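Peer 1: Quick one: the structure is below, and I'll ask about it shortly.
The values are calculated or read from the model by the stated rules, or taken from the named source; none is laboratory data. Nothing here was measured: the structure is a model prediction, and the numbers come from that model. Every residue, glycine as well, gets a Cβ built from its backbone with ideal geometry; the counts of neighbours run over all protein chains shown. Note: areas computed on protein heavy atoms with side chains; ligands, DNA, RNA excluded. Shrake-Rupley method; radii C 1.70, N 1.55, O 1.52, S 1.80 Å.
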Amino acid sequence: MNLIGNYFVELYRATISGWNRFWFTAVDPATLGLVRLLAGAMLFYTHLVWSIDLEGFFGQSGWQTPSALVHYQESPYAWSYLFWIKSPALLWTAHIVALVILFLFFIGWQSRIMAVLAFVITLAYAQRVSMANFGLDNINEMLAMYLMLGPCGAAFSVDSWLKRRREQRAEQGRGGDASSVTPSVSGNIAIRLIQLHMCVIYLFAGLGKVMGASWWDGTAMWLSIANLEYQTIDATFLANWPVFLSFVAHLTVAWELSYCVLVWPRLTRPLVLALAVPLHLGIALFLGMITFGLVMLIGNLAFVSPWLVRYLFDRKRSTEIVRGLPRRSPEPVAS
Amino acid sequence: MFDLLAYTKHLTGKLTAACLVAAAGNSFLRWRSEVDTDLIMSRHSKTRPVAERKLPVGSEEPPAQAKLSAKWRAVISLALMFHLLAVFFAVWNGAPPFSPFPQTVAMPMQRYIGVLNLNRGNRFFAPDPGPSHIIRYTLTMPDGSEKRGQLPDAKNHWPRLLYHRYFMLTEHLNANESEAARKQMFKTYAGEILKQSGADTIEIEFVQHGIPPWDVYMNGTKLDDPESFRKLIGEKYQRQDFMDGGSP
């Protein structure tokens with residue numbers, strides 16, 4: 001009895017300890033900042049493209065009139081302030097304001113406020129034109145939702161640049177060096193949520209494919225590249241290599257299904273992330289979904305350690321690390 | 001024009017709630033992680049607060065979790081568990097086939113899931129990459145001339161994201177099982193094409209474009225073989241048909 005009791009006590013303690021380390025460790029917000037920079041650019045571009053046929057998509061008598069859209073809404077709780085804008089002039093005004101906010105979010109000016117507004121805007125646009133949505137909008141919403149939870153403007157932003165300038169001036173006055181960052185628990189929570197959400201997305205993407213015969217008989221890749229409406233680069237010459245096509249189909253399913261497990265251990269993480277690159281670039285280049293392919297890669301960036309991000313994109317500030325300071329990345333549970 | 005009263009009601013009902021929750025969560029996490037954690041810590045220790053004790057770039061702060069009080073960690077943990085459950089069951093429920101178990105679990109979270117738009121299936125190219133759906137039309141212009149077009153149109157819809165938006169309009173048209181809803185949306189599309197083109201009449205058809213199996217293709221069938229296109233809906237509308245509904 002004692003043995004069983006001890007097991008549960010140990011299980012409880014390990015779970016609590018692991019949970020706390022997983023969520024409540026303060027980390028350098030470099031990764032979050034990089035994700036904000038790239039996701040912000042994607043959000044800005046995505047919404048900029050709506051401008052080409054703004055009244056068609058969002059007007060009261062356009063492609064998706066609110067009355068016809070009722071039958072296609074996935075949830076009765078779907079909301080959007082755009083449903084209530086009836087005048088084209090007001091629609092354009094709201095759209096331009098939204099674009100300005102998304103641009104400021106992209107460059108990281110007043111990031112905490114812009115992040116909340118960017119999320120509201122992203123959600124409102126996606127819910128208003130649900131008939132024109134696809135995977136891109138799903139990931140855009142997800143990234144915007146989590147970026148607003150952490151200090152997404154603490155790195156690679158106008159905010160951080162301004163802050164550093166202020167600090168440098170203050171330190172110069174005292175004759176010191178201002179090469180430091182503020183660790184953040186909320187930054188860690190935001191990154192963790194992106195990571196876990198990515199795992200859920202890939203798990204169900206993989207499980208969905210398991211239901212399909214073409215992913216079992218290996219013809220799914222052929223059916224994808226032979227779809228003329230998706231096709232941007234003609235890859236039908238691959239029909240001469242059916243073994244290769246079926247291998248890629250099986251690899252895709254195996255990768256998606258195992259992502260939620262293999263992306264956590266440090267040894268397998270680089271391999272899992274490396275495989276994401278050809279998979280999503282393939283979708284981007286051959287199936288014409290450049291934005292979707294790129295936004296999935298942005299989501300995968302959440303698994304890149306802040307140390308590596310600093311080393312690659314902020315070498316000036318990572319000098320201290322090169323000199324031998326800790327290089328640990330924030331994955332305490334898998335360590 | 002803009003219905004201010006209705007808009008205000010809507011805001012107070014849904015949007016404001018969503019914004020408040022988001023803003024409160026944002027402020028809360030920021031406050032907890034960057035200010036209050038330091039206060040809690042400084043109650044028990046004489047070390048400098050974290051926000052002042054800056055970290056070397058790229059590194060993490062190992063003992064930081066100890067600085068949040070157990071009460072606040074519990075509150076945040078409950079919120080995280082609720083959200084992650086909502087995400088998981090929303091995606092599980094996001095596409096058929098549906099099981100009663102995830103539907104029952106997700107039921108109390110429907111409002112949360114709906115407001116945050118979490119109910120996406122994420123079944124990309126699943127269960128099988130299928131045929132695509134397009135709209136083809138012939139317009140009769142006021143001068144009697146005819147113009148042909150299609151939705152989406154890779155030659156005229158640029159950038160590619162715009163093309164894909166139109167493509168999704170036609171793909172989602174096929175997704176609804178209700179024939180009446182599908183025809184209503186089909187007519188809405190016809191009205192918008194008439195409005196944008198300035199034509200008098202439109203002859204429009206909703207077409208499914210099948211993909212030849214690998215062995216059929218290897219035997220010489222082309223991807224744009226006329227037999228691979230199948231008409232699902234075909235209608236003819238005049239400008240007058242849309243005058244009541246406000247479009248075109």
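Peer 1: Go over the candidates A:Gly62, A:Gly18 one by one and state the one that is facing another protein chain (nearest Cβ under 7 Å) and either farther than 15 Å from A:Ile121 by Cα or of a type in the set (A, V, I, L, M) (or both).
Peer 2: A:Gly62
Peer 1: Please state which one of B:Gln65, B:Gln103 is at pLDDT 50 or above, open to solvent by 10 Å² or more (accessible area, probe 1.4 Å), touching a helix residue (DSSP H, G or I) at 6+ places or on another chain (Cβ under 9 Å) and facing chain A (nearest Cβ under 7 Å).
Peer 2: Exactly one residue qualifies, and that residue is B:Gln65.
Peer 1: Follow-up question, since we're still on this one. Which fully enclosed helices (runs of 4 or more DSSP H) of region B:149-248 have 1 or more residues being in contact (Cβ under 8 Å) with a residue 60 or more places away in the chain?
Peer 2: Ranges flagged: none.
Peer 1: In addition: Among the numbered conditions (1) assigned to a helix (DSSP H, G or I); (2) over 18 Å from A:Leu38 (Cβ atoms); (3) within 27 Å of the chain's Cα centre (by Cα), tell me where A:Tyr77 comes up short.
Peer 2: For A:Tyr77, the exception is condition (1).
Peer 1: What number goes with the only condition from (1) closer than 27 Å to A:His280 by Cα; (2) at the interface with another protein chain (Cβ under 9 Å from one of its Cβ atoms) that A:Ser157 does not pass?
Peer 2: With (1) closer than 27 Å to A:His280 by Cα; (2) at the interface with another protein chain (Cβ under 9 Å from one of its Cβ atoms) applied to A:Ser157, the lone miss is (2).
Peer 1: Can I ask one more? Say whether the condition of being open to solvent by 50 Å² or more (accessible area, probe 1.4 Å), more than 11 Å from every other protein chain (Cβ to nearest Cβ) and assigned to a helix (DSSP H, G or I) is met by at least one residue in region A:197-210.
Peer 2: No, region A:197-210 has no match at all.
Peer 1: Can you tell me which residues in region A:211-266 are assigned to a helix (DSSP H, G or I), within 7 Å of chain B (Cβ to nearest Cβ), touching a residue at least 12 places away in the same chain (Cβ under 8 Å) and open to solvent by 40 Å² or more (accessible area, probe 1.4 Å)?
Peer 2: A:Pro242
Peer 1: Let me ask you something else. With respect to B:Leu78, determine if the residue is among the hydrophobic types (A, V, I, L, M, F, W, C), away from chain A (no Cβ under 11 Å) and assigned to a strand (DSSP E or B).
Peer 2: no
Peer 1: In addition: Residues being open to solvent by less than 70 Å² (accessible area, probe 1.4 Å), in a helix (DSSP H, G or I) and facing chain B (nearest Cβ under 9 Å): count how many of those fall in region A:23-45.
Peer 2: So the count comes out to 2.
Peer 1: Considering only region B:131-184, state which residues are charged (D, E, K, R) and either at positive phi or open to solvent by less than 10 Å² (accessible area, probe 1.4 Å) (or both).
Peer 2: Correct list: B:Arg165 only.
Peer 1: Taking the condition of being open to solvent by 10 Å² or more (accessible area, probe 1.4 Å) and either of a type in the set (A, V, I, L, M, F, W, C) or at pLDDT 95 or above (or both), how many residues in region B:78-96 meet it?
Peer 2: 12
Peer 1: Could I ask something else about it? Please pick out the residue among A:Ala132, A:Ala126 that is within 8 Å of chain B (Cβ to nearest Cβ), open to solvent by less than 10 Å² (accessible area, probe 1.4 Å) and touching a Lys or Arg at 6+ places or on another chain (Cβ under 6 Å).
Peer 2: Checking each option against the conditions leaves just A:Ala132.
Peer 1: Let me ask another. State which residue is farthest from B:Asn117 (Cα to Cα) when the search covers only region A:59-101 and only residues that are of a type in the set (A, V, I, L, M) and open to solvent by 30 Å² or more (accessible area, probe 1.4 Å).
Peer 2: This residue is A:Ala89.
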